[in-house]
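**Student:** Below is one structure. I have some questions about it.
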Amino acid sequence: MGNKIKHLLEGFKYQEIATIYCILKYINEKDLEIYIEKQNEEDAQIILDKNHIIDLQSKNKIGKQITIEEFCKWLSNFEGNKLDIHLLKKLVEGKNRKIIFMTSGRCKDDTYIFTDKGKKNLTKKELTKIKEKLKKVKADGVKLKEEREKFQREYIENLEDNNLKEALSRVEIQENFDKEKLKDEITKLFQKNFHIPENSINLIVDEMKKLMFENMGTDNSITEEIIKIIDKYRTNKYFQRPKYYIERVEKRRCIDILEENKVLLLTGVTYCGKTKLAEEIAQEYRQDKNYEIIDSNEEIFSFGINDRKIQNKLLILKDPFGNVEVSTNKNNILSKFRELVNEVSKMNNRKLIVTTRKDILFETMKKNKIEDCKINKYEWIDLTNKNSDEVKKLWKLHTNNSIEMEEMYNKISRELNKKEKNLQFGHITNIFNSIEKEELKEKSLEEIVKMAMIDSETIAGIIRERGDLAIEFFIKLGMICNTNKSISKKRLKNILNTKNDIKNYEKKLKKFLNLESNINDEWDSEYQKEFDYLKKRGLIKEDYNGELTFTHPIYHYASYMLLEEEYRETREKKELLIVKIEKLLYFPFSDMNLCTLDFIEKLYKKTLDEELKSIILNGLDDIFPSVKAEVVTFFSNNFEILSKLSEEEQYDFIYKISVNRQIRWNKGIAYYDLNTREEFEKYFNWNISQSNNINSKNLNDNLSSEEIFGLINEPQASLEILEKGLEYDEIFIRSIAIGKIFERYAYNLNEIDKYLVNYEHPDYIFSILINAVVIWDKYTLEFKNKIRSLILKNLSNIVLVLRIRYFLSDYSLKISETEEDLKKKMWERWFGILKFYFDNCSFEYATMNNITLTKDAIFSLDYITEEKKVIEFAEKWLVWLEQFEIPNTEEFYDFLEESKKFAEPYKHHFWVMIYLLEGIEKKDECRKELFQKILKTESTFILTVSIWIAVNRWNDLYDDEKNMILNLLKSDRNDVKWIKAISLNIDNIPNEIQKEVLGIEINQNIPEIVDKLIEENILEECLNIYCGYSQPLYWMGYHHQNSELWDEVILEVLKRNELKKPYDISLREFINWINEDKREDVEGLLRIYDLEIYKNIEKREKIFEELLQLIVTNKINIIFFIGRELWNKFFQYLKKEVVQEYDFFIKKIAEKIEIIEKNYEIEEIFERDVALDIFKKIELDKKDYDTNKFENKNDKKIYKLENWNS
């Protein structure tokens, strides 16, 4: 009997330890409840989110193998004295239930498939085997044995395979967990996650055992008591009280405000103690209320929104609008900040403390009173000290209540009052960091005040006085760490002592992967001297781990000021500085790289230096995802800088932000594998699983970034795991997680607001878009509207727009190498994304170079073949196009003319007609209806492109469609002349079109054709379209078709003396032929040009204006002297035949001299004698006109379209 009792006690001891291990894995989860041997339940039970149940069973089988028979017996454990309820039945009926078996035994092959590492989908053979074993399980208990076994056989017999398979997917065996391993794992969890000292672990385990024993068999949850026990033994401190400490009178009031509002806004003058008070309050929340503290002086605006942990969190957001000077991005930051405050104020387990300098707050808010700077309804607390006793008390602590030193305090205070300033807490610290108190008596009042009021300029001056080595050390230190990002002293020594000759990322990666072999922790004694000085002055601090940071943003900014001075001083110093910057960026430490980038970005925004810009852009190729993300964020927040990139730089930027390398890990740090590029398929998650499996490892609250990255990339990652991925800082983790959530789960949830974070990183928003649209039809109208609103709100972020543009452009090319069985799925994604785009994004966001929309649409027809889908897509495309408008203004036409060489691909947007004709068979009623709808559009853009396509494919149309076009040509639309003109501007004009428009068949009788065009009043429109003049006709890309016909028409128009718009268009085209050397018979064209000059003054004036346009638009061909020849012939004829006109046109040139010389030297265009006459005219006529008045005048001719419907 005694041996039996001893055996039971030993079993319970194993059960205790296993239960404690599981509790520690789950303790930080949301809405957690823990029960020990709850009535009619297992050894322990954990309930998550008030819904998901995890049953824990402990099986001490040390030295034994877990067979399939043993496993089936575990599953068949009956409840109490019940005949018809056992563990398996509860598992089958409770879809929200999971069972974990903790065992010291080792699984055999047939049970290994239920372990974390061996888990897989059961085959039919394996399922059949398990069912047979379940039927044969021998029940416990003498009285109920037969009845239970009968129930078991019948239950398993009637249990459907799919139900059993699904239930077993929620069973997990954790094998080889003997007592020693459990103890080791428990120790690690206590130390890593809860900072429990090793000598306290036995004490805390004993208390937990006692608590479990007291609550065994009850319905009492022990969660709160467990948390209290853990908190009791925590030792970690966030705020270390200084040696000389005074508690501020505002502290209690601030805590009350934070409790009530969840938001605390602190401001005041420099050194008033904003940050120290924020940190002290945070310490109380950590110590008394178990809050996790997030400390940042960076732009973290997704706090509390992405994060799904139940654990309470408090964010200290330091200096969001700038720490020393106002951020140039202040308006965007303020908008994000308001959003953050609004979101946090709604959450029960989040708190937010914000600190900012009062002067920076006023400039950001454009106010001059604290009460006018409310954020939503919340007021700022001004911590500026105004001669309070507290600051005096701090002084007395430093001076041991010396009466003599108290008088010195009073003198300092009075001196500052004269300047309308007061002593602040930080001023006292500054003084005693600068000098020993014994030496203070020897200093003048002026010197002491200067110590107290120290600013960035003063710090920089002190460093300057210490010499070049001190300057170099301080600048490098500022680029290596700041007030938030630390560097270990050992690593700092290595950096300063190493002559880094790395100049490419391959070598940087190699060094990163072999860091330990590269450590050199010796440095020059002079460096040690500077280090000791900065530390003694309190400019930097070193914590107990040897991690270094600056103690105040003002001190750190002094480092930047010295950097900027070095940069501006001499070219030699600038070049040396840039070399040093590049070397620092090639050191393989991501936090350090980010600090260096911060300085470079500041400097670039002030100087717009091309070398600095190249260094920043080079960060897109860095080995660290965090560095790349910072570069993306910089350009995302500085659109004006992004817009100034060259065309090549913009394309490179788009490509690099859109295509990532594969991510690898080294000692918990993510890096890019430089030898790989992620395939385009990586944008999509093919292995869709609706499993709600909960894995104990997956839900570990303290998974490393590397571990969570692996878990979210598992094919069957659960919603819980993906939500956990949203808690991590790395954007590549969050974007993957949110994408999978919106492709797999979000549509089926009760609410999605917590995921829809405004002002998130563009990759996060992009991931929502490209994944949600895949299953768009499954979302409710409410959810669609919410997603739509988020996307549209964030389209103001240029980086997001560029991501979308890159994704959509050349889609068919991107997936050309994809395996054929995946292509259909990928085209379905493209199809869904474009449908969403057409429905929700206005044309302004989609006009982009090289989108090749039509080409991709045609490719998609090989995979999207359902007529209903094709018609739906074409209709949405048409409606989307009809939003497009062109302002009928000179400025916009001028812009289009300037961007002509980039703009031609935009025409692809309008080719919905090609998609319709390719995608739907002839005589289909749906095609007929949509064809008619296109022809009825009010947009001349859409209609002219569609007519041009249809007439070019005349033989592919069926008779009804041809008749629709012929009838349209007879209509009374006000733009019908353009429709007729476009139908004649194709290479092979159908006879029906010729007869309908001109009443004749087009032949070689060019004069007759010109007469007919004049008679039909469409000559001008036909020439406009053929020449692509004016914009946007060139922009639409249907110009210069059937040149054999229209070139002859142009020459015929020039022969005539009707100097109207058709002549102007023809003359411009004719001169372009010569100037751009577009024709082989240049000599023949020059003879025609001579004849035009000879004819009359009116023609000469028009020729002069066209030649002048070539200069104004910087298009005159001076390389092969053709453009110059045109001017020479013009002035030679005038000088010889009509001298009075020569003087007239020379004066015209002189009047335009400021405009001309913006693009060319006079001698480049005109012969020497003509150039001299121009200069003489300028000198003679100075008194008659002021050439400066022409300096900013735009002399470009703008030819606006008439009767054109935008």
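**Student:** Against the condition surrounded by fewer than 20 Cβ atoms within 10 Å (Cβ to Cβ), assigned by TED's automatic domain parsing to the domain that holds Phe177 and not in a loop (DSSP other than H, G, I, E, B), how does Lys98 come out, does it pass?
**Tutor:** Here the answer is no, as Lys98 does not meet what is asked.
**Student:** Does segment 454-462 contain any residue that is under 39 Å from the mean Cα position of the chain (by Cα), surrounded by 13 or more Cβ atoms within 10 Å (Cβ to Cβ) and not in a helix (DSSP H, G or I)?
**Tutor:** yes
**Student:** Follow-up. If you check Glu279, Glu260, which single one turns out to be in contact with a strand residue (DSSP E or B) (Cβ under 9 Å, 6 or more places away or on another chain) and assigned to a helix (DSSP H, G or I)?
**Tutor:** The unique qualifying residue is Glu279.
**Student:** Suppose we filter Phe114, Phe151 for residues that are surrounded by 15 or more Cβ atoms within 10 Å (Cβ to Cβ), out of contact with any His (no Cβ under 7 Å at 6 or more places or on another chain) and closer than 30 Å to Asp184 by Cα; which single one remains?
**Tutor:** Phe114
**Student:** Filter segment 1124-1177 for residues that are in contact with an Asp or Glu (Cβ under 9 Å, 6 or more places away or on another chain), in a helix (DSSP H, G or I) and at pLDDT below 80 and give the result.
**Tutor:** Within segment 1124-1177, Arg1124, Glu1154, Ile1155 qualify.
**Student:** Let me confirm something: among Ile993, Ile942, which residue is among the aliphatic types (A, V, I, L, M) and touching a Ser or Thr at 6+ places or on another chain (Cβ under 9 Å)?
**Tutor:** After ruling out the rest, the residue left standing is Ile993.
**Student:** Okay, moving on. Could you tell me whether segment 1060-1078 includes any residue that is part of a loop (DSSP other than H, G, I, E, B) and at pLDDT 85 or above?
**Tutor:** Checking segment 1060-1078: at least one residue is part of a loop (DSSP other than H, G, I, E, B) and at pLDDT 85 or above.
**Student:** Now for a separate question. Out of (1) touching a residue at least 60 places away in the same chain (Cβ under 8 Å); (2) among the polar types (S, T, N, Q); (3) within 19 Å of Leu916 (Cβ to Cβ), what's the single condition that is false for Asn974?
**Tutor:** Result: Asn974 fails condition (3) only.
**Student:** Next up: For the condition more than 48 Å from the chain's Cα centre (by Cα), among the charged types (D, E, K, R) and modelled with pLDDT under 85, what is the one hit in Glu420, Glu404?
**Tutor:** The unique qualifying residue is Glu404.
**Student:** For segment 827-900, list the helices (runs of 4 or more DSSP H) that sit wholly inside it and hold at least 1 residues that are aliphatic (A, V, I, L, M) and either modelled with pLDDT under 75 or touching a strand residue (DSSP E or B) at 6+ places or on another chain (Cβ under 8 Å) (or both); which are they?
**Tutor:** 890-898
**Student:** Looking at Asn40, Asn28 in this structure, which one is under 23 Å from Glu79 (Cα atoms), in contact with an Asp or Glu (Cβ under 9 Å, 6 or more places away or on another chain), at pLDDT below 80 and outside any helix (DSSP H, G or I)?
**Tutor:** Asn40
**Student:** Among all residue pairs at least 6 apart or on different chains, which show Cβ distances below 7 Å where the first residue, located in segment 1135-1155, is small (Gly, Ala, Ser) and the second is surrounded by 15 or more Cβ atoms within 10 Å (Cβ to Cβ)?
**Tutor:** Note: pairs meeting the criteria are Ala1150/Ile1174; Ala1150/Lys1177; Ala1150/Ile1178.
**Student:** Determine, yes or no, whether Lys754 is more than 21 Å from the chain's Cα centre (by Cα) and among the basic types (Lys, Arg).
**Tutor:** It is false that Lys754 is more than 21 Å from the chain's Cα centre (by Cα) and among the basic types (Lys, Arg).
**Student:** Please indicate, with yes or no, whether at least one residue in segment 361-384 is among the basic types (Lys, Arg), touching a residue at least 40 places away in the same chain (Cβ under 8 Å) and touching a Phe, Trp or Tyr at 6+ places or on another chain (Cβ under 9 Å).
**Tutor:** So far as segment 361-384 goes, no, none of its residues is among the basic types (Lys, Arg), touching a residue at least 40 places away in the same chain (Cβ under 8 Å) and touching a Phe, Trp or Tyr at 6+ places or on another chain (Cβ under 9 Å).
**Student:** In addition: Mind listing whichever residues of segment 105-158 are at pLDDT below 85 and among the hydrophobic types (A, V, I, L, M, F, W, C)?
**Tutor:** Leu122, Ala139, Val142, Leu144
**Student:** Taking Asn593, is it without any contact (Cβ under 8 Å) to a residue 40 or more places away in the chain, polar (S, T, N, Q) and closer than 21 Å to Asn497 by Cβ?
**Tutor:** Against the criterion (without any contact (Cβ under 8 Å) to a residue 40 or more places away in the chain, polar (S, T, N, Q) and closer than 21 Å to Asn497 by Cβ), Asn593 qualifies.
**Student:** Further question on the same structure: Under the condition of being in a loop (DSSP other than H, G, I, E, B) and touching a helix residue (DSSP H, G or I) at 6+ places or on another chain (Cβ under 8 Å), which residue from segment 789-810 is surrounded by the most Cβ atoms within 10 Å (Cβ to Cβ)?
**Tutor:** Selected residue: Asn797.
**Student:** For the condition part of a helix (DSSP H, G or I) and within 31 Å of the chain's Cα centre (by Cα), what is the one hit in Glu506, Glu446?
**Tutor:** That would be Glu506, the only listed residue that is part of a helix (DSSP H, G or I) and within 31 Å of the chain's Cα centre (by Cα).
**Student:** Now, a different point. Here is a list of conditions, (1) touching a Phe, Trp or Tyr at 6+ places or on another chain (Cβ under 7 Å); (2) among the acidic types (Asp, Glu); (3) farther than 26 Å from Tyr671 by Cα, and Glu751 meets all of them except one; can you say which number that is?
**Tutor:** (1)
**Student:** Would a scan of segment 957-967 turn up a residue that is surrounded by fewer than 17 Cβ atoms within 10 Å (Cβ to Cβ) and of a type in the set (Phe, Trp, Tyr)?
**Tutor:** Yes, some residue in segment 957-967 is surrounded by fewer than 17 Cβ atoms within 10 Å (Cβ to Cβ) and of a type in the set (Phe, Trp, Tyr).
**Student:** Tally up the residues in segment 159-196 that are in a helix (DSSP H, G or I), touching a residue at least 40 places away in the same chain (Cβ under 8 Å) and not charged (D, E, K, R), please.
**Tutor:** 10
**Student:** Would you check if there is a residue in segment 739-748 being at pLDDT 90 or above, within 14 Å of the chain's Cα centre (by Cα) and not assigned by TED's automatic domain parsing to the domain that holds Asn329?
**Tutor:** Yes.
**Student:** Looking at segment 1106-1137 only, could you name the residues that are surrounded by fewer than 15 Cβ atoms within 10 Å (Cβ to Cβ) and either over 25 Å from Asp1077 (Cα atoms) or touching a strand residue (DSSP E or B) at 6+ places or on another chain (Cβ under 6 Å) (or both)?
**Tutor:** Within segment 1106-1137, Lys1136, Glu1137 meet the criteria.
**Student:** Something else about it: Hey, among Glu743, Glu760, which residue is without any contact (Cβ under 8 Å) to a residue 60 or more places away in the chain and either touching a Pro at 6+ places or on another chain (Cβ under 8 Å) or under 23 Å from Ser658 (Cβ atoms) (or both)?
**Tutor:** That would be Glu743, the only listed residue that is without any contact (Cβ under 8 Å) to a residue 60 or more places away in the chain and either touching a Pro at 6+ places or on another chain (Cβ under 8 Å) or under 23 Å from Ser658 (Cβ atoms) (or both).
**Student:** Cβ-Cβ below 6 Å, separation at least six or inter-chain, first residue in segment 315-344 and crowded, with 20+ Cβ neighbours inside 10 Å and in a loop (DSSP other than H, G, I, E, B), second charged (D, E, K, R) and at pLDDT below 80: which pairs?
**Tutor:** Listed pairs, sorted by first residue: Phe321/Lys330.
**Student:** In addition: Can you list the helices (runs of 4 or more DSSP H) lying wholly within segment 592-655 that have 1 or more residues being modelled with pLDDT of 90 or more and either more than 20 Å from the chain's Cα centre (by Cα) or more than 15 Å from Leu802 (Cα to Cα) (or both)?
**Tutor:** So the answer is 610-618, 625-636.
**Student:** Considering only residues of segment 43-88 that are within 49 Å of the chain's Cα centre (by Cα) and part of a loop (DSSP other than H, G, I, E, B), which is surrounded by the most Cβ atoms within 10 Å (Cβ to Cβ)?
**Tutor:** Among residues in segment 43-88 that are within 49 Å of the chain's Cα centre (by Cα) and part of a loop (DSSP other than H, G, I, E, B), the one surrounded by the most Cβ atoms within 10 Å (Cβ to Cβ) is Asp43.
**Student:** Return the residues of segment 387-420 that are assigned to a loop (DSSP other than H, G, I, E, B) and without any contact (Cβ under 8 Å) to a residue 60 or more places away in the chain; say none if nothing qualifies.
**Tutor:** Asn387, Thr399, Asn400, Asn401, Ser402, Lys419, Glu420
The values are calculated or read from the model by the stated rules, or taken from the named source; none is laboratory data. Note that the structure is predicted; figures quoted are calculated from it, not measured. Virtual Cβ from ideal backbone geometry, glycine too; neighbours counted across all protein chains shown.
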